[in-house]
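One structure below.
The values are calculated or read from the model by the stated rules, or taken from the named source; none is laboratory data. Keep in mind it's a predicted model, so treat the numbers as computed, not measured. As a convention, Cβ positions derive from the backbone with ideal geometry for all residues, glycine included, and neighbour counts pool all protein chains shown.
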Amino acid sequence: MRKTETNQSTATNNSNDSIVSPRSIGTSSESRLKSIETRRRRPITLVINRGLETVETRRGWLKKLARGAAAIAFAQVPGFSFDPNAKASSHIAEAARDDVENQAEADETAAIEKLGNTAGLGRFRTTRSDHFLAIGDAAEAFRTDALAICELILLDYLDHFRAKGFEIHEPQKRLTVVALAGAKSFEAFSGEDPQGVIGGFYDRDTNRLIFYDFRRMNGPVAAARPEKANTLALVHETTHQLTFNTGLLARTRDVPVTIAEGLAMYVEQHNPKKRARPGEINRDRLKGLVLARGKRVSWIPIKKLIADDDLFGTKADDDTVQLAYAESWLLVHRLLTDKTKLEHFRDYLKEIQSRVDSTRRIADAAKHLGDLDRLDQDVQAYSKRLLRGG
Ligand SMILES: [Zn+2]
């Protein structure tokens with residue numbers, strides 16, 4: 001599986017009912033995966049910045065860490081499950097471990113600052129929350145808001161998947177979010193054409209989420225609702241980052257793209273402001289099925305979806321990619337919401353944690369998810385039920 005994922009988002013001013021097809025993205029080293037982001041989301045204006053600590057320089061935050069002032073993001077925000085006292089004591093108890101982590105974090109910060117320098121960007125600044133580290137030339141408010149959303153996604157993600165019986169854990173170190181000021185910074189930093197990559201992407205190799213302020217995007221894909229583009233890209237890509245850092249998926253192992261994308265889309269409807277939960281029906285992805293049918297794009301058998309990552313990449317045409325994403329959402333939603341299937345899906349995800357290549361994909365899926373042709377029939381029937389509104 002390719003380890004870099006590119007998030008594509010819709011951004012035109014057309015009617016609210018269209019799904020904008022992804023455009024192919026050419027890259028020098030590897031073709032990137034595309035995620036078609038869809039419309040009809042509300043802009044997010046969430047600002048929760050109490051407790052978020054912004055430190056302008058690496059040296060500065062190291063000093064603060066030394067003073068023990070590092071802690072806390074959301075302990076003081078009403079409605080969250082974090083217990084401030086428990087949090088405080090756990091921070092003290094973990095001080096020794098933190099020293100090592102802080103060195104790693106300092107190295108990570110230095111590495112990204114260096115990349116920013118090489119790219120000719122202005123000064124990078126850092127914002128930290130309990131589980132995330134934002135660094136980049138984006139404005140402080142943007143970094144802070146982004147991390148607030150990341151923390152909310154994490155809370156709901158952990159709650160949701162634990163309730164479904166998955167043995168997952170909080171990220172063991174702060175996850176890096178490179179927060180860039182706009183399209184120009186993004187292009188300079190990542191080498192990606194921002195016209196093709198709306199919002200950002202999660203890079204499995206570096207484990208970093210590269211994200212830019214879409215409000216500062218010009219040109220043909222400038223968003224009618226840039227806040228929305230920011231948020232949906234952030235939710236989708238943060239979910240990728242979480243699945244690979246909480247024990248659900250193994251970052252350095254083989255994971256069928258359909259599973260990785262299905263999980264991200266299962267959560268992407270999440271709206272931190274409205275406290276919408278992961279797992280809600282993803283109407284935009286369902287619409288992808290309808291559009292594919294309208295264009296007479298044939299249903300992709302589940303077996304093929306699991307085996308063939310090219311369905312999601314630049315080798316496939318846009319309609320196929322769109323359908324592959326829609327079916328991946330459908331498949332994962334089915335596996336997570338049917339009680340019997342859920343149990344088998346948990347075992348399946350455990351099994352693939354040790355896979356170093358794609359040779360056993362079909363065998364693993366068949367072992368845990370049952371006969372794949374039957375599953376295919378089941379998922380097709382499920383899609384029809386959902387489209388009927390049942
Ligand atoms: Zn994705």
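Things worth noting here:
- Every pair of residues 6+ apart whose Cβ atoms lie under 6 Å, when the first sits in region 229-257 and is modelled with pLDDT of 95 or more while the second is assigned to a loop (DSSP other than H, G, I, E, B) and among the aromatic types (Phe, Trp, Tyr): Arg251/Phe244
- Scanning region 265-323 for residues that are among the small types (Gly, Ala, Ser) and in contact with a Leu (Cβ under 7 Å, 6 or more places away or on another chain) yields Gly279, Gly288, Ala292, Gly313.
- Among the candidates Ser354, Ser358, residue that is among the hydroxyl-bearing types (Ser, Thr, Tyr), farther than 30 Å from Leu152 by Cα and modelled with pLDDT of 95 or more: Ser358
- Candidate set from region 230-273 (those that are outside any helix (DSSP H, G or I) and of a type in the set (A, V, I, L, M, F, W, C)); member that is farthest from the ligand (Cβ to nearest atom): Ala250
- Helices (runs of 4 or more DSSP H) contained in region 285-390 and holding at least 2 residues without any contact (Cβ under 8 Å) to a residue 40 or more places away in the chain and more than 22 Å from the chain's Cα centre (by Cα): 339-351, 361-369, 372-387
- Qualifying residue in region 287-299 (condition: closer than 20 Å to His240 by Cβ and buried (at least 20 other Cβ atoms within 10 Å of the Cβ)): yes
- Asp373 surrounded by fewer than 17 Cβ atoms within 10 Å (Cβ to Cβ) and of a type in the set (Asp, Glu): yes
- Options Gly219, Gly191, Gly199; residue that is within 16 Å of the ligand (Cβ to nearest atom), among the small types (Gly, Ala, Ser), at pLDDT below 90 and on the phi > 0 side of the Ramachandran plot: Gly199
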